[in-house]
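What follows is a single structure, written as structure tokens, with notes after it.
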Amino acid sequence: NREWHLLSRPAGWPKPEDFALVETEVEQPGPGQVLVRNQYLSVDPYMRGRMSAAKSYVAPYELGEPMQGGAVGEVVASNAEGFAVGDHVLHFLGWREYAVVAAKQAVKVDPEAAPLSTYLGALGMTGLTAYAGLLRVGAFKEGDAVFVSGAAGAVGSQVGQIAKLKGASRVIGSAGSDEKVKLLVEEYGFDAAFNYKNGPVWEQLKEAAPDGIDVYFDNVGGEHLEAAIGALNLRGRVVICGMISQYNATEPTPGPRNMVKILQNRLRVEGVLVGDHYDLQSEFVQEVGPWIRSGEMKYRETVVEGIENNLEAFLGVLRGDNTGKMIVKL
Ligand code: NDP
């Protein structure tokens, strides 16, 4: 078994020396446990937060211990009732080839119903984040104009498409390359999109949304958030889902300078944490699953192969190498 350990807490951009790929013996499952051969590992922006010691909504990774993350794999030995060799499970002991998982913390998934990797993305954690964030926290309603940043990523691409499928008047996305922008408009059906690297966000947003926006789904923070606050209409809503532009910052980052707009336009700004919304999981799968099967909703995955490339895949998410969900295939 090979597994990734965190050796030191990164300052700024994580460096290879902060991590090690360690060889260990494969353990056998104890009572109530299963041994899983991982097939797909998730790498996600929130993992950067767990590499730091700062208090947050999930505990920091321990130094000298294997890191964790979403994973899907096959049960190869079972010491737990209800789990058989050959079952496929979703669990949270990623960043390794083999995992001994408490059956209580494993959820069976059906490889016939959907490709296994989608349980980490389009039908999994990132999909639910998009669904709950837009519909519940963002209180999206038909006719709203929606702006989403990180729009070609896992969460963002589903936010835009859910909004479109549910009758948004206009959906605008931003992303970090011209190819991603093209994909948003030509394949995902966004009404407008722009490359935030090509000019000031506020200027490009104004052009893309001349009548303003009603919901801003924030994956990025910083300049995007300020621009969106400036573009929101009366009683607009901001869903704070992530602030990836700041995850490697070593200094406190400046806030939006136009907060008075929150007062003037009676805006609501609220954070979303996917873990608070698992009660929507079955409703989400019932509504979004058929859209994916029918092709009404498109999704992409960027797949990197091999446990030895797990770290590079993670760094790639922070750099924007991915289109759609970044997955490591073992
Ligand atoms: P993505 O698939 O969107 O990957 C991250 C993307 O962020 C990259 O592809 C890159 O795309 C973009 N990015 C990187 N740096 C910057 C920057 N400086 N400015 C603008 N964009 C940047 O990841 P996810 O869909 O998994 O996550 C999206 C966001 O949602 C993240 O902020 C994440 O932390 C958050 N999240 C929050 C959850 C919650 O419960 N609150 C749950 C899941 C995710 P590009 O080429 O466009 O720059």
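Bear in mind these aren't lab numbers, they're just calculated from the coordinates by the rules spelled out. Computed from a predicted structure; not experimentally measured. Reconstructed Cβ throughout: ideal geometry from the backbone, glycine too, with neighbour counts over all protein chains shown.
Data for the structure
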| read-out | value |
| --- | --- |
| Cβ-Cβ under 6 Å pairs, at least 6 apart or on other chains, the range 195-222 side farther than 26 Å from Y247 by Cβ, far side surrounded by fewer than 20 Cβ atoms within 10 Å (Cβ to Cβ) | G212/N233; D214/N233 |
| Index of the failed condition, D218 passing every other in (1) under 21 Å from K197 (Cα atoms); (2) out of contact with any strand residue (DSSP E or B) (no Cβ under 8 Å at 6 or more places or on another chain) | (2) |
| In the range 132-155, the residues that are under 30 Å from R37 (Cα atoms) and either part of a helix (DSSP H, G or I) or aromatic (F, W, Y) (or both) | A154, V155 |
| Hits in the range 158-169 (condition: surrounded by 22 or more Cβ atoms within 10 Å (Cβ to Cβ) and hydrophobic (A, V, I, L, M, F, W, C)) | V159, I162, A163, A168 |
| Single unsatisfied condition, A54 versus (1) outside any helix (DSSP H, G or I); (2) under 25 Å from R319 (Cβ atoms); (3) in contact (Cβ under 8 Å) with a residue 40 or more places away in the chain | (3) |
| Output for the range 267-279, where each listed residue is within 8 Å of the ligand (Cβ to nearest atom) and surrounded by fewer than 13 Cβ atoms within 10 Å (Cβ to Cβ) | G275 |
| Criterion violated by E287 - all others in (1) buried (at least 21 other Cβ atoms within 10 Å of the Cβ); (2) touching a residue at least 60 places away in the same chain (Cβ under 8 Å) satisfied | (1) |
| Output for the range 318-330, where each listed residue is surrounded by fewer than 21 Cβ atoms within 10 Å (Cβ to Cβ) and within 15 Å of the ligand (Cβ to nearest atom) | L318, R319, G320, D321, T323 |
| Residue match in the range 80-90 (condition: in contact with a strand residue (DSSP E or B) (Cβ under 7 Å, 6 or more places away or on another chain) and within 16 Å of the ligand (Cβ to nearest atom)) | yes |
| When residues of the range 170-192 are limited to those that are within 19 Å of G230 (Cβ to Cβ) and over 20 Å from the mean Cα position of the chain (by Cα), the one surrounded by the most Cβ atoms within 10 Å (Cβ to Cβ) | R170 |
| Which numbered condition V43 misses (of (1) crowded, with 18+ Cβ neighbours inside 10 Å; (2) without any contact (Cβ under 8 Å) to a residue 40 or more places away in the chain) | (2) |
| Any chance A139 is away from the ligand (no atom under 13 Å from the Cβ) and surrounded by fewer than 23 Cβ atoms within 10 Å (Cβ to Cβ) | yes |
| Output for the range 198-223, where each listed residue is surrounded by 17 or more Cβ atoms within 10 Å (Cβ to Cβ), more than 9 Å from the ligand (Cβ to nearest atom) and over 22 Å from E179 (Cα atoms) | G212, I213, D214, V215, Y216 |
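Okay, residues lined up against (1) more than 21 Å from the chain's Cα centre (by Cα); (2) more than 15 Å from the ligand (Cβ to nearest atom):
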{"position": "G236", "(1), (2)": "yes, yes"}
{"position": "I244", "(1), (2)": "no, no"}
{"position": "N265", "(1), (2)": "yes, yes"}
{"position": "E287", "(1), (2)": "no, yes"}
{"position": "E301", "(1), (2)": "no, no"}
{"position": "N310", "(1), (2)": "no, yes"}
